[in-house]
Amino acid sequence: MAGARQLAELNGTSLTQFLSSLIAAGTRELRANADIRLRAEHANRAAALSILSQVPDPTPLAGDALPGTH
């Protein structure tokens, strides 16, 4: 708990406010992960790959290529 108090001080908040913000952030992260998993369960991999196969693969402009590619 001493570590949490110290971090709250560094953030200029009360311990209660600091803990509340951590709980809120954790809750948002869990909700986002659940939403992503739910969407993934309903995804159609074959359809997604079909769409991606239609995207052109042009040579990048000078200076835009990733190292070790093209």
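Read the figures in this text as sums done on the coordinates, not as results from a lab. From a predicted model like this one, the values you see are computed outputs, not experimental measurements. Cβ sites come from the backbone with ideal geometry, for glycine too, and all protein chains shown count toward neighbours.
Structural remarks
- Extending 7 Å from the Cα toward the beta-carbon at both Ala2 and Val55 defines two label points whose distance is 5.1 nm.
- Placing one equal scatterer on every Cα of the chain and applying the Debye formula, the log10 ratio I(q)/I(0) at q = 0.20, 0.21, 0.22, 0.25 Å⁻¹ is -0.87, -0.92, -0.96, -1.05.
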